[in-house]
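What follows is a single structure, written as structure tokens, with notes after it.
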Amino acid sequence: MGEPAPASDPYLRVDDLRVRFDTADGTVRAVDGVSFAVERGRTLAVVGESGSGKSVTSLAILGLHDPRRTTVTGGISVGGRQLVGLPEEDVRRLRGRDVAMIFQDPLSALHPYYTVGRQIAEAYRVHHPRAGRREARRRAVDMLGRVGIPQPARRYDQYPHEFSGGMRQRAMIAMALVNDPALLIADEPTTALDVTVQAQILDLLADLQAEFRSAIILITHDLGVVGQVADEVLVMYAGRAVEHGSAEQVLRRPRHPYTWGLLSSVPSLHGDADADLVPIPGNPPSLIDLPPGCAFHPRCRYADRTGGRSHAEVPALAPAGEPGHLAACHLPADERARLHAEGVGRTGAAR
Amino acid sequence: MARFLVKRLLSATLTLFAVSVLSFLMFFALPRDPVSGMCPKNCNPERLERVRQELGLRDPLVTQYAGYMKGIVTGRDLGSAQGGRCDAPCLGWSYVTNEAVSDTIARVLPVTLSIVIPAAVLWLLLGVGLGMVSALRRGTWLDRLAIGFSLTGASLQLYFVGAVLLLVFVYHLRLLPVPSYTPLLDNPLKWASGLVLAWVSLAFLFSAIYARLSRAQMLETLSEDFVRTARAKGLTKPRVYGRHALRAAITPVVTIAGLDVGGALGGTVITETTFGIQGLGRTAVDAVRAGDLPTIMATVLIAAVFVVLANVVVDLLYAAIDPRVRLR
């Protein structure tokens, strides 16, 4: 979506981000050296199974982790400001104003005891201390209207439980956008919604992005959604980036066996519903006790072809052929290209 | 809202009706003869029979019940032996105390109210405050201190705490007068100084439960998605905790508080006994000892009224806190 952004400094730059939680069972390496950047007007999709570190990454950008249990290192630069190590009060001022977030389940993410409008107005007033009650209300009603909620003035005074799922997510989006944030993080924004409503919400996000020119990070496990809206895709596995490139590159010419697995486990609307569905065997690894080498190797069909390197050595993100396309795999790039071409021929998996 | 209130009040009335029937049946239909209990000696059979007639004990049970209820609503004539005209709410005549039961109640009820209401305010503030602080400072020494405090409160008995307080503040330091009841309007200072130890010991014991409950509730609420949303909006911590988390965490506390306050208003027997104050609780116990049926019946009814009323108040508070309740 959107035109290619002018070559400028990206609004968000994440460098070698590492997030560790100390738990009774050991240290959880939830994010282990992830780097990416997003420019204004562009959408980056972060894809992976649950536990791959995608949500933790987004919470780290907002500085929402419990500082007593969490260690965040690396760099998070938002609009030129370095967030890691910034005092909590300074990060708080950025939250909701420069960086806003939409959550997966709008029913649980909205406070059940306050009216929807009041929650939106509150988000506005906290960053506009001089705005009066009436101005905040006007602004909230305006936002409700802009996200496509009919009769916004009446809806303002209703509670979340009086909204339908889709309307709730619209209200959530209105709340996130009420301060014109430059960066919007949407964490599985459509997962809890009906398929038809999903499409509406994605369209809405695209329209609003065109209007506000915000950068969007879309966190999802749904590759169908990625194809619709993303400019760039980052595939995460066990807290690390395994593939990174344009949406076209990652979806059409994926160069990591895990991405192949993700793509072939998405049902196709065109082919036979079962024939082309190939789940990835096994489960994501424990983040406390990662497998040595490539964390994906126990589930990878091709791990034996690397002469033991996959079992011993963590693969680095390396150019995968085209400019800007990176993948972290020990298999030689040409062999991966060949395997993928064969795979597409066999299962029709890639779309 | 009005419909909600009417519905709740209606069901409250029904509950009270059921309680009154049951307690009436229990006390007046027991095999024990109430009259010989009231007049243990110096009573010849003729006198006993006359008392039975005066009390209406020879009437059918339904008539007796109707008479009792009529007395509560409109007042009734009890006959010369029982003080004659008994104004509403008439709860009968006690041969043990030789006064109308409603007069006894009117004397002791303010005492219990004066003990329970300030104590409840104190224990709620203390309990919820401690619970909040320890939830927000989980794992710190402050949290451990609060947990220790509440564990102590939960394990001690009121008569022990009360005795220690009496010993220290009244008999040793002489900071406070011997506990007694002075009507609030007569002398607010004497009222407070005479009851403060009762408040403190009740609050100490009760706040323990509230501290634990509100701590657990707060911790649960802090992990809710809407609290994360509140933080993601950039709200300040006091606002996130005070407005968003506390309001959601407080609901179960309101329920327990309603039951506790309602129950305590029915009589704080141990507190009243420990501090030698004659409230509803001690009156009830005395009445049971003396077999003073009209007084027992009255205290049971009043206790029931408080519990039922407390439940209505809890329902109303619930509706005020949680907008989803109003629909039901």
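No lab work stands behind these numbers, since they all come straight from the coordinates. Computed from a predicted structure; not experimentally measured. Every residue, glycine as well, gets a Cβ built from its backbone with ideal geometry; the counts of neighbours run over all protein chains shown.
Sort B:190, A:54 so the one with the fewest other Cβ atoms within 10 Å of its own Cβ comes first. List each step's numbers first, then the result.
Working: B:190 15, A:54 27.
In increasing order of surrounding Cβ atoms, one gets B:190, A:54.
Just round it to a whole percent: the fraction of Cα-Cα distances in chain A exceeding 36 Å.
Numbers: 14153 of 61425 pairs.
Cα-Cα pairs in chain A separated by more than 36 Å: 23 percent.
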Search the structure for amide H atoms under 5 Å from the amide H of residue A:46, placed 1.01 Å from N in the peptide plane, and list their residues when 5 or more places away or on another chain. A:218, A:219, A:220, A:234
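How do B:46, A:188, A:135 line up, fewest other C-beta atoms within 10 Å first?
Fewest-to-most ranking of B:46, A:188, A:135: B:46, A:135, A:188.
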In nm², what is the average projected area of the convex hull enclosing the Cα atoms of region B:103-327? 15.2
Tell me the Rg and the Dmax, in Å, that the Cα atoms of the protein assembly as shown produce. 35.4, 118
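With the Cα gyration tensor of region B:203-244 in hand, convert its eigenvalues to equivalent ellipsoid semi-axes via √(5λ) and list them largest first in whole Å. Provide the component values of the computation, followed by the final result.
Numbers: eigenvalues 135, 23, 4 Å².
Three semi-axes, in Å: 26, 11, 5.
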Looking only at the protein assembly as shown, where both bridge partners belong to it, what percent of the DSSP beta bridges are antiparallel (to the nearest 5)? 65
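In deg cm²/dmol and to the nearest 500, what is the mean residue ellipticity at 222 nm of chain A if only DSSP H runs of at least 4 residues count, each as -39500 (n - 2.57), divided by the residue total? Present the calculation step by step, with values, prior to reporting the outcome.
On the way: 13 runs with 121 residues, N = 351.
For chain A, the value works out to -10000 deg cm²/dmol.
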Which of A:123, A:166, A:196, positive extreme of dipole for the protein assembly as shown (C-beta unit charges): A:123
Give me log10 I(q)/I(0) at q = 0.22, 0.23, 0.30 Å⁻¹ for region A:222-270, Debye formula, one equal scatterer per alpha-carbon, no solvent. -0.76, -0.83, -1.32
Mean 1/r over all different Cα pairs, inverted: what Kirkwood radius does region A:195-294 give, in Å? 15.4
Rounded to two decimals, the Debye log10 I(q)/I(0) of region B:134-220 (Cα scatterers, no solvent) at q = 0.18, 0.25, 0.26 Å⁻¹ is -0.82, -1.09, -1.14
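For region B:38-109, what is the charge dipole size about the Cα centre, in debye to the nearest 20, if Lys and Arg each add +1 at the Cβ and Asp and Glu each add -1 at the Cβ? Don't jump to the answer; show the numbers that get you there.
Details: 9 positive and 8 negative charges, 19 e Å.
In total the dipole reaches around 100 debye.
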Would you calculate, for chain B, the mean residue ellipticity at 222 nm contributed by helices, counting each DSSP H stretch of 4 or more residues as -39,500 (n - 2.57) and dividing by all residues, to the nearest 500? -23000 deg cm²/dmol
Once region A:78-221 is represented by equal point scatterers at the alpha-carbon sites, with solvent omitted, what log10 I(q)/I(0) does the Debye formula produce at q = 0.13, 0.17 Å⁻¹? -0.54, -0.93
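When you count, for each residue, the other Cβ atoms within 10 Å and take the mean per peptide, how do A:284-297, B:138-151, B:201-214 rank with the highest first?
Values: A:284-297: 18.4, B:138-151: 14.9, B:201-214: 23.9.
Answer by packing, highest mean first, reads B:201-214, A:284-297, B:138-151.
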Karplus (6.51, -1.76, 1.60) ³J(HN,Hα), θ = phi - 60°, over region A:110-126, in Hz, Gly and Pro reported as x: 9, 6, x, 9, 10, 5, 4, x, 5, 5, 6, 4, 5, 4, 6, 5, 5
Measuring from the lowest to the highest alpha carbon on each principal axis, how far does region A:1-158 reach, largest first, in angstroms? 49, 44, 33
Those aspartates and glutamates that a straight Cα-Cα span of less than 16 Å connects to residue B:7, excepting residues fewer than 8 apart in one chain: B:315
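Tell me, what is the Rg over Rh of region B:79-144, with Rh the Kirkwood radius over Cα pairs? Could the numbers behind the result be given before it?
On the way: Rg = 22.7 Å, Rh = 15.6 Å.
Rg divided by Rh gives 1.46.
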Spherically averaged projected area of region A:237-347 from its Cα convex hull (nm²): 7.1
Taking chain A as the reference, fit the longest principal axis to its C-alpha atoms, fit the long axis of helix A:165-177 to the helix C-alpha atoms, and give the angle between the two in degrees, 0 to 90, nearest 10. 80
With a 10 Å Cβ neighbour count serving as the proxy for reagent exposure, in which order, fewest first, do A:314, B:164 appear? B:164, A:314
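For region A:12-230, what proportion of DSSP beta bridges, expressed in % and rounded to the nearest 5, is antiparallel? Display every interim value, and only then the final one.
Values: 20 of 35 bridges.
Roughly 55 percent of the beta bridges in region A:12-230 run antiparallel, per DSSP.
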Scan around residue A:325 for amide H atoms under 5 Å from its own, H built in the peptide plane at 1.01 Å from N, and keep only partners 5 or more places away or cross-chain. A:320
